[in-house]
Amino acid sequence: MRYLSLYLEFYKIKLKGIVEYRSSFFLTSISKFVNYLAHFITIWIMINAFETMGSWNAYEIMMLFSLQTASYAIAGSFTYHITTYLSNWIKDGTFDEVLTKPLNPFLYLASRLFSWGYFGTMTIALVVMIYCFVKLNITLSFIKVLFIIPVIIGGGLITGAMMIFASIPAFWIVENNFVANLIFTVKDITDYPITIFSKGLQILVTLIIPYAFVNFFPAQFFLDKNDFSIFHPAFQFLTPVIGVIMFYLAYKLWMFGISHYKSTGS
Amino acid sequence: MSYISVENISKEFKIYHREKGFANIVKSMFARKYSIKKAVENINFSIDKGELVGYVGPNGAGKSTTIKMLSGILIPTSGKITVDGRIPYENRQENAMHIGVVFGQRSQLFWDLPVEDTFDLYRKMYLVDKTKFKRNLEFYTDLLEMKDFIKMPVRQLSLGQKMRANIAIALLHDPEIVYLDEPTIGLDVLAKENIRKFIQEVNKEKKTTVILTTHDMDDIEQICNRLIMIDKGQIIYDGKISDFKKRAEGENVLIVEYGDTDPVDFILTDTRIKLLQEEGKRKWFKYCKTEINTAEVISFVTKDRQVQDILLKEPEIEDIVKKMYRAQQVEVVS
């Protein structure tokens, strides 16, 4: 990690950028905040109409969504721009420049494209999470509080891994929108408790694109629920492990993708 | 073992064909037709430490592809490259520590940072110690005349200023080898001059090996001592600049515009001059400098004639390339 100070420098630069372009940062944060707030309100209204969804009430479902949003904020800060920029950078040749640096290209990109803009997203997620705990009258034991952090980080790693997977086709086919859209759409399934869907979809979001580990399984631990369908109850503790595994796989495949990079004429 | 050695390097790309019509588009989703384009084919050269090499050729000749393989960005389809004992595309990160790269069409600067901060960032990236950094920065600021804009944010700089900053960045860590891909593209005469002097100075001071691609023959003439020319993926010339110039001088063109009253039909009795083209009152004469000098040609074609204008056209690099390539094809056939 002899480059740690360099990577930290990038985060500092971005922070300096915020000071310089303050209004832009506030507008981004507010827009993200309002965007997710609207999403929460929609869920709240909808579930109030139905009262429950499976065995889940409105606040429990909002809890699912807040876990997902918090993880997304972490993943987004580091990897969202890799997904969206990579194909353009490959198209216009900017990626050449990345490869002439004496750095790990992934860490370099994750630092260089880091965004503080998910601050608003994280804030709304945490506000809603606390609000749900209060409304549900759940007393948080010491262990629960301690477990929230690895769960959010693990969820961030899973979501981040998915964003990285979505960017990988760019190395081969330059355009990666299709895969990105697919992966982001699957994420929407876990806006709701997955047990309301068919077994096939449950397996998809648990074993193939494991978004259910971001919120559905760990939420059951925090909310003292027991709605595991066909899956083992131990799944509620696996989020950090799955996160590390998925991220490692995504990283390895991404690095493999680089060897297929073809560059463009200039 | 030479410093940089390129042995039998080829690089192929798959080019997918786009077909018209909806049915064909659907079909091509599953099985696409493609052809293989050889960007460079079986090229060989070696470069010694401290050489200043100009690497030229027309657009699409394979210049950038070669530079990208040398700097480790692209992996060759076949063949072997070693740069100071390293294989650039296998030890990419390690290799990157010892090289500097400038792509003239692209910038390594961060648009929202002042130039100075960008230098500091690169100091950390290349683990340059502070005294060396300070010494180099002073040396480069002075030589490249960067004093006026070093505190300005990058987005406010002119193209020439950006290019100078980019070149300084590429050399901040005293790389042993610098690859410059069209470093003077789009710059005015003064900025070009400044950059050329700088490259020579650095080469003299630090024995840096420089490989430079360009379309500007003046870059080559003023900076380099060796020229490698590539066309259609193959090397068609590798040698001294002075030898190359002898070949280049082979074909000069003199354009003469005669006055209206003049009877312009005349017979070229001197076989060393050839009529290339005529258009109204203008005539294009081709001659070889090795056979007849320009003064003689002028006196011959203007003798007893009213002349409005004379224009001397020096051979352009693209023309020479074309000519050399044609000559090469003939060799292959015969």
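Figures for the structure shown
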| item | result |
| --- | --- |
| Scope region B:163-192; condition at pLDDT below 90 and surrounded by fewer than 19 Cβ atoms within 10 Å (Cβ to Cβ); matching residues | B:Ile185, B:Gly186, B:Asp188, B:Val189, B:Leu190 |
| Within region B:1-102, helices (runs of 4 or more DSSP H) holding 1 or more residues that are more than 29 Å from B:Asp219 (Cα to Cα) and at pLDDT 90 or above | B:92-98 |
| Cβ pairs under 7 Å, 6+ apart, first in region B:52-65 and charged (D, E, K, R), second open to solvent by less than 10 Å² (accessible area, probe 1.4 Å) | B:Lys63/B:Tyr55; B:Lys63/B:Gly57; B:Lys63/B:Thr213; B:Lys63/B:Ile230 |
| Any hit, region B:96-109, residues being over 30 Å from A:Tyr21 (Cβ atoms), free of Cβ contacts under 8 Å to residues at least 40 places away in the same chain, surrounded by fewer than 16 Cβ atoms within 10 Å (Cβ to Cβ) and of a type in the set (Gly, Ala, Ser) | no |
| Meets criteria (on the phi < 0 side of the Ramachandran plot, among the charged types (D, E, K, R) and modelled with pLDDT of 90 or more) for A:Lys144 | yes |
| Enumeration of residues in region A:228-245 that are open to solvent by 30 Å² or more (accessible area, probe 1.4 Å) and under 18 Å from A:Gln68 (Cα atoms) | A:Phe235, A:Phe237, A:Leu238, A:Pro240, A:Val241, A:Ile242, A:Val244 |
| Condition check for A:Asp92: within 14 Å of another protein chain (Cβ to nearest Cβ) and buried (at least 21 other Cβ atoms within 10 Å of the Cβ) | no |
| Matching residues, region A:20-48, being within 14 Å of chain B (Cβ to nearest Cβ), within 29 Å of A:Ser66 (Cβ to Cβ) and open to solvent by 80 Å² or more (accessible area, probe 1.4 Å) | A:Arg22 |
| Matching residues, region B:52-92, being among the basic types (Lys, Arg) and either within 14 Å of chain A (Cβ to nearest Cβ) or buried (at least 21 other Cβ atoms within 10 Å of the Cβ) (or both) | B:Lys63, B:Lys68, B:Arg86, B:Arg92 |
| B:Lys283 being touching a helix residue (DSSP H, G or I) at 6+ places or on another chain (Cβ under 8 Å), at pLDDT 80 or above and of a type in the set (Lys, Arg) | yes |
| Unmet requirement for A:Phe221, which otherwise passes all of (1) within 14 Å of chain B (Cβ to nearest Cβ); (2) part of a helix (DSSP H, G or I); (3) open to solvent by 10 Å² or more (accessible area, probe 1.4 Å); (4) in contact (Cβ under 8 Å) with a residue 60 or more places away in the chain | (1) |
| The listed residue being open to solvent by less than 60 Å² (accessible area, probe 1.4 Å), at pLDDT 85 or above and hydrophobic (A, V, I, L, M, F, W, C), out of B:Val264, B:Val202 | B:Val202 |
| Region A:184-205 residues that are in contact (Cβ under 8 Å) with a residue 24 or more places away in the chain, paired with ones that are of a type in the set (Val, Ile, Thr) (beta carbon under 6 Å, 6 or more apart) | A:Val186/A:Ile209; A:Thr190/A:Val205; A:Ile194/A:Val205; A:Gln202/A:Ile194 |
| Residues satisfying the stated conditions in region A:1-19, i.e. closer than 18 Å to A:Gly117 by Cβ, within 9 Å of chain B (Cβ to nearest Cβ) and out of contact with any Ser or Thr (no Cβ under 7 Å at 6 or more places or on another chain) | A:Ile13, A:Lys16, A:Gly17 |
| One residue from B:Lys49, B:Lys37, B:Lys20, B:Lys11 being open to solvent by 70 Å² or more (accessible area, probe 1.4 Å), in contact with a strand residue (DSSP E or B) (Cβ under 7 Å, 6 or more places away or on another chain) and over 21 Å from B:Gly239 (Cα atoms) | B:Lys37 |
| Subset of region B:103-144 that is of a type in the set (Ser, Thr, Tyr) and assigned to a helix (DSSP H, G or I) - its residue that is farthest from the other protein chains (Cβ to nearest Cβ) | B:Thr141 |
| Sole exception among (1) part of a helix (DSSP H, G or I); (2) at pLDDT 90 or above; (3) not β-branched (Val, Ile, Thr) for A:Phe231, by number | (1) |
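Results for (1) of a type in the set (Ser, Thr, Tyr); (2) buried (at least 17 other Cβ atoms within 10 Å of the Cβ); (3) at pLDDT 85 or above, shown as yes or no for each residue.
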residue	(1), (2), (3)
B:Asp243	no, no, no
B:Asn252	no, yes, no
B:Leu276	no, no, no
B:Cys288	no, no, no
B:Asp309	no, no, yes
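The values are calculated or read from the model by the stated rules, or taken from the named source; none is laboratory data. This structure is a prediction, so every number in the text was calculated from the model and none was measured. Using ideal geometry, Cβ is built from the backbone for each residue, glycine included, and neighbour counts are taken over all protein chains shown. Each accessible area value is taken on the protein alone, full model and side chains, heavy atoms only, with ligands, DNA and RNA left out. Shrake-Rupley method; radii C 1.70, N 1.55, O 1.52, S 1.80 Å.
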